[in-house]
Amino acid sequence: MREKNRAMELYRFVCAVLILCYHCYFFGFRGQEDATFVGFYLFVELYFILSGFLMLRSIRTHVTPQLRQDAVNTTVHYMKRRWLALYPHHLLSWILVALVLVFVTKEMHLLDLIQIGWTELLLVNIFGFVRGVSINIVCWYLSALLFASLGIYYLLLKNEDAFLKIIAPILLVMLYGTLFDRKGSLSNTILFTQYAPFLGFYRAVADITVGCIAYRVYEWMEDVEIPGEPVLATVLELAVMAASWFWMYKHGGAIDFLFVVLFFAFVISVFRGKSLFSRLFDNKLSAWLGKQSYAYYLNNLVVVYPCLYLFPDITLNQACLICVPACFVLSVITTALVDLLPGRRKERQKNRPSAA
């Protein structure tokens, strides 16, 4: 059995590309009439839900009863592996964005990097120690992911059923309710508010919890035979893709919360692997593209900032045509550089799943 569905790896990469288009809009064309890509921030929800799904899958597959008994040390070990896997990508992208801001756009001085950027470097920016300014603002996602996963992983080890059946529903109502009440949508939750610590953290906790529930539903459905499932799954996945594009291309708002439900169903369907798309995209190319997705996301501003600075009069579509391939080339290079770090090859071989 493979730990990850390779079709989902392709979708992760596509989401990273679409989020880049949103960042082109957000940092250069926000407020324009007839702007596009305005709702593509929602693909971060799919990232978080997928993380929750895979986290519970890892627990159910690899964590023994003995390890569950030692929940603290097991959680620390899990988070250490996650942090070591993600931090090199974060550090490299942060340095590149800092160089752009100092030497290309000249918006900051070297001293600013120390005063402003230390919370991002340590990935504690989710707690709002420095408000209103940032270096590589997109790294809020990693900070929220790591700290939200820390608490949820521990709770799952201590009492999985209690978390999923009692704590999770309460969390979802409380957190999504807070986001709806304060923002009316899932957009701009990276902005600090008076509601501590950070609405993006609420977003991460809620979405990861949804992903955990999705895995339990997926597990329950493993032995269930659904008549006509290949057709139904293909229609479902196509409908989610089409709804995502046609709504998010021009809109965002209260309907955002509906897409959490759609992504919930989408992740389960893709991992069941019965649809035409799941089978078609379950290949090595998809896996390779998925491997670039973290670097692609984190490198967004490395290309967006200089593009908008050097070409201030271009349109949003032209900015995307420049930034999308530029970020791809950069991310292939930075991913390859990270893979050269000592221990990375050994860790990849250790975690490489065996074929069924």
Single residue of TYR47, TYR25 found to be in contact with a Cys (Cβ under 9 Å, 6 or more places away or on another chain) and open to solvent by 20 Å² or more (accessible area, probe 1.4 Å): TYR25
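If only one of VAL14, VAL72, VAL63 is out of contact with any Asp or Glu (no Cβ under 8 Å at 6 or more places or on another chain) and within 22 Å of SER331 (Cβ to Cβ), which one is it? Don't jump to the end; show me each part of the working.
Details: VAL72 fails: within 22 Å of SER331 (Cβ to Cβ); VAL63 fails: within 22 Å of SER331 (Cβ to Cβ).
On inspection, the qualifying residue turns out to be VAL14.
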Subset tally (residues that are more than 14 Å from ALA206 (Cα to Cα) and in a helix (DSSP H, G or I)) for the range 123-150: 9
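Conditions tested, residue by residue: (1) open to solvent by less than 10 Å² (accessible area, probe 1.4 Å); (2) not aromatic (Phe, Trp, Tyr).
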{"residue": "TRP220", "(1), (2)": "no, no"}
{"residue": "GLU225", "(1), (2)": "no, yes"}
{"residue": "VAL240", "(1), (2)": "yes, yes"}
{"residue": "PHE277", "(1), (2)": "no, no"}
{"residue": "ASN283", "(1), (2)": "no, yes"}
{"residue": "LYS291", "(1), (2)": "no, yes"}
{"residue": "TYR294", "(1), (2)": "no, no"}
{"residue": "ASN299", "(1), (2)": "yes, yes"}
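Taking helices (runs of 4 or more DSSP H) that fall entirely within the range 242-301, which contain at least 2 residues that are of a type in the set (Ser, Thr, Tyr)?
Working: elements: 256-272, 276-280, 284-291, 293-298.
The helices (runs of 4 or more DSSP H) meeting that bar are 293-298.
Quickly run through the range 308-319 and pick out the residues that are over 21 Å from GLU120 (Cβ atoms), surrounded by fewer than 21 Cβ atoms within 10 Å (Cβ to Cβ) and either in contact with a Lys or Arg (Cβ under 7 Å, 6 or more places away or on another chain) or not polar (S, T, N, Q) (or both).
Within the range 308-319, LEU310, PHE311, PRO312, ASP313, ILE314, LEU316 meet the criteria.
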When ALA35 is evaluated against the numbered criteria (1) open to solvent by 20 Å² or more (accessible area, probe 1.4 Å); (2) under 30 Å from PRO306 (Cα atoms), which criterion, by number, is the only one it fails? (1)
Could you list, in sequence order, all residues of the range 63-108 that are open to solvent by less than 80 Å² (accessible area, probe 1.4 Å) and not in a helix (DSSP H, G or I)? VAL63, THR64, ASP70, THR105, MET108
All but one of (1) open to solvent by 10 Å² or more (accessible area, probe 1.4 Å); (2) part of a helix (DSSP H, G or I) hold for TYR153; which doesn't? (1)
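Can LEU20 be described as in a helix (DSSP H, G or I) and at pLDDT 95 or above?
Numbers: in a helix (DSSP H, G or I): yes; at pLDDT 95 or above: yes.
Here the answer is yes, as LEU20 does meet what is asked.
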Name the single residue that is farthest from ARG6 (Cα to Cα) among those in the range 320-346 being modelled with pLDDT under 90 and open to solvent by less than 70 Å² (accessible area, probe 1.4 Å). GLY343
Among the residues of the range 23-42, is there at least one that is outside any loop (DSSP other than H, G, I, E, B), modelled with pLDDT under 95, aliphatic (A, V, I, L, M) and within 16 Å of the chain's Cα centre (by Cα)? yes
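The values are calculated or read from the model by the stated rules, or taken from the named source; none is laboratory data. These numbers come from a predicted model, not from an experiment. For neighbour counting, all protein chains shown are included, and Cβ atoms are generated from backbone atoms with ideal geometry for every residue, glycine included. For accessibility, only protein heavy atoms count, side chains too; no ligands or nucleic acids. Shrake-Rupley method; radii C 1.70, N 1.55, O 1.52, S 1.80 Å.
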